[in-house]
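Chemist: Sharing a structure, written as structure tokens. Questions coming.
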Amino acid sequence: MSFTDTPTVFIVDDDASVREGMAWLLRTRRLLSESFDSAEAFLAMLQGTNPSADGAWQPNPSKLQQSACILLDVRMPGMSGLALFEQLLAKGMAQAWPVIFLTGHADVPTAVDSVKRGAFDFCEKPFSDNALVDRVEQALALSQERLAARQTQQRLQSRLLELTERERDVMGLVVEGLPNKLIADQLDISVRTVEVHRARVFDKMEVKSAVELANLMRQLP
């Protein structure tokens, strides 16, 4: 995988004692963390210098290469944790960076609903330190897995852009399992031309067989 950033746990909680305690707990398991006292502060970090003119925002591209998870308090002054979660869902960030809600007893039903909508988990206060960090480590592993899959798809898309239109035609029929003679008949070209295009497709897609090519194409969303 090409991303090299150390996995990071983002702690978003308005309570300074909670942030400090969580950061200390993560350090005992050699996990790097960054703390934010509000959803707004976290968003400011996330978008960096990449806000759009109409007031909307997009994640800073460099952040999309970093594996991470988010420990997110449900209730905070200003933007709530739930409102932040909605924005992360809309931008596709909640999948790349799994969200673990930190919640009081009264917020449990809301947190459960958020898990159904894409949050990784929730931990009710007071929580078990070891159980929480175990879930954090699982969330970070999932983030790395998803980022690796995303980068694989991006590389695949980049290779596809190198194909000519005729090479795409040939590739589609190769993936369907057609032999060169039938591909030539269907595209009304010579078998030799099919062989040339097929070789170029294999070279550009970095595969050695039709089976390998078909398996590669299944990785596309």
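Chemist: For Phe127, Phe42, Phe10, what's the fewest-to-most ordering of other Cβ within 10 Å of each Cβ?
Modeler: Working: Phe127 15, Phe42 22, Phe10 18.
Sorted ascending by nearby Cβ count, the order is Phe127, Phe10, Phe42.
Chemist: For the Cα atoms of the chain, what angle does the longest principal axis make with the long axis of helix 16-28, in degrees from 0 to 90, nearest 10?
Modeler: The angle comes out near 60 degrees.
Chemist: So between Val115 and Val196, what do we pick up on full extension, going 0.36 nm a residue minus the alpha carbon distance?
Modeler: Result: 24.1 nm gained on full extension.
Chemist: Just one of [x] 73, 41, 32; [y] 65, 32, 32; [z] 56, 36, 31 is Cα extents along the principal axes in Å calculated from these coordinates, so which is it?
Modeler: Read-out from the structure maps to [x].
Chemist: Determine the distance separating the Cα centre of segment 177-206 from the Cα centre of segment 5-20; give it in Å without decimals.
Modeler: Each part reduced to its Cα centre gives a spacing of 55 Å.
Chemist: Only Cα pairs under 8 Å and at least 6 apart count here; give the relative contact order of segment 8-152 as a rounded whole percent.
Modeler: Worked out over segment 8-152, it gives 23 percent.
Chemist: Looking at the chain only, what percent of DSSP beta bridges run antiparallel? Nearest 5 please.
Modeler: So the antiparallel bridges in the chain amount to around 5 percent.
Chemist: Continuing with the same structure: Excluding residues fewer than 8 places away in the same chain, name every one of the lysines whose C-alpha is closer than 30 Å to that of Lys116.
Modeler: By straight Cα distance, Lys116 reaches Lys63, Lys91, Lys125.
Readers should treat all values here as calculations from the given coordinates under stated rules, not as data from a laboratory. No experiment lies behind these values; they were computed from the predicted model shown. Every residue, glycine as well, gets a Cβ built from its backbone with ideal geometry; the counts of neighbours run over all protein chains shown.
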